[in-house]
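Rule-based calculations on the coordinates, nothing more; no lab input. All values derive from a computational prediction rather than experimental measurement. So basically every Cβ, Gly included, is an ideal-geometry build from the backbone, and we count neighbours across all protein chains shown.
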Amino acid sequence: MKIAIITLIAFALSLTLYSFSNPNADTYSLTIEVKNLRNAKGIVQFALYNKDGSIPDEDYENYYKILKGEIIKGSSTITFKNIPSGKYAVNILHDENNNGKIDKGFILPIEGIGFSNFQSIGLTNRPNFSKVSFELKENKSISVKVIYM
């Protein structure tokens, strides 16, 4: 009886130690690429969201993680690493003046924006988390279209 208990405790302890020694066991990489940027000014801001209701986020206050990528030959690519499995959405900003926010004309953005799963944006086709989200359960690469209005 004592041997069985000691064996069970040793097994549980080894599982616990293994989980600490392998912190990336259930995490993945998400690579995002944008192409056909209209110029090489500024940077591309890649915002990753993981909560319903977090998009739209015009002031970039609700993101889970954010990275900035340089523009090379009209494209930009970044990789978010060590992302737990779950539901995510991506918001892209071609931040031409590098101020970290969406600059607008009268109402519409004057810089390029884009969202995962979106090819166009309009008054009847506004992005929200449920429309732009996707499941991440393995390493994944996606392409996001940047839209200039």
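A compact table of results
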quantity: Two-decimal log10 I(q)/I(0) for the stretch 103-149, as the Debye equation yields it once each C-alpha is a single scatterer, q = 0.19, 0.32 Å⁻¹; calculated: -0.68, -1.28
quantity: Computed FRET value (nearest 0.05) for Ser75 with Lys101, which takes r as the C-beta separation and R₀ as 25 Å; calculated: 0.65
quantity: Förster radius 30 Å - calculated FRET efficiency between Asp59 and Glu138 (Cβ-Cβ, nearest 0.05); calculated: 0.40
quantity: Fraction of the pair-distance distribution of the stretch 26-143 above 17 Å, Cα-Cα pairs, percent; calculated: 54
